1. Kindly count the pairs of lysines across the stretch 82-154 whose alpha carbons are less than 18 Å apart, treating pairs on different chains or eight or more residues apart as eligible.
2. Run the numbers on the stretch 82-168 and let me know its relative contact order in percent, using alpha-carbon pairs under 8 Å that are six or more apart.
3. Residue by residue through the stretch 84-100, which ³J(HN,Hα) values in whole Hz follow from phi under the Karplus form 6.51 cos²θ - 1.76 cosθ + 1.60 (θ = phi - 60°), with glycine and proline marked x?
4. Give me the distance in nm between label points sitting 7 Å out from Cα along the Cα-to-Cβ direction at Val138 and Thr105, one decimal.
5. Give me the extension gain from Glu84 to Tyr122: residue separation times 0.36 nm, minus the current Cα-Cα distance, reported in nm with one decimal.
6. Would you please give the residues with an amide H less than 5 Å from that of Ile118, counting only those at least 5 places away or on a separate chain, with H modeled from the backbone geometry?
7. I'd like the FRET efficiency for Ile68 and Asp155, computed as 1/(1 + (r/R0)^6) with the beta carbon distance as r and R0 of 30 Å, rounded to 0.05.
Amino acid sequence: MNKKKLTAALLATAMLTLTSVASAADVIKEAPSQQSTVSTAVNGAEQDFVDIRTKVIDETVYYPMDAIMISNVTHTGSTAYKGEFTTAKGNGDQLNVWVKNNASTPVYVTISRDGTDIHSSYKLDGKDQKTFNFVQYVPTGGITGNWKVYVYNSDGSKYNLSINARQF
């Protein structure tokens, strides 16, 4: 009897997980014309064209085999959050940065790559969450760079944030 319940629970979990991954993949395959494109140069030097497309997703998107850059950070208190990480080609051509504002007052999210702001002062209302998705199309082979996530507010309110970053 217990084996049947355990098997049913495992099967249900697997089906829910696969459904979440499929729907997340559909969200990310949105038409490129509806996405913004960002190009950056590294350290002011000449470099091949880099085409990274980005968009903000209203839902939490997780994948089972992600390279975890920021892992389940909970940030509370009175100082702004600043997280830094480096992405590597071998980890995939997409990056998701998820920020959840558990407080009741708005915060502002700035995400930069190699010193260039990609999302600058994006307003995230209280009790809201967003997934910032980045896809590198050119050059192919994986998204690279030194990334910074900075979350602040304008009124000195206490912070209560949850933050994750994953490359896949």
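Just so it is clear, none of the values below were taken in a lab; they were calculated from the coordinates. Note that the structure is a prediction, hence the values are computed from the model and not measured. All Cβ positions, even for glycine, are placed from backbone atoms using ideal geometry, and neighbour counts span all protein chains on display.
1. 11
2. Numbers: 199 pairs, mean separation 42.1, N = 87.
About 48 percent, as a whole number.
3. Here the 3J(HN,Hα) series is 10, 7, 10, 9, 10, 3, x, 8, x, 9, 10, 9, 10, 10, 10, 10, 10 Hz.
4. Computed distance between label sites Val138 and Thr105 equals 4.4 nm.
5. Details: separation 38, 0.36 × 38 = 13.68 nm, distance 1.77 nm.
Gain on stretching Glu84 to Tyr122: 11.9 nm.
6. Ile111, Ser112, Arg113
7. Details: r = 32 Å, r/R0 = 1.06.
Calculated value: 0.40.
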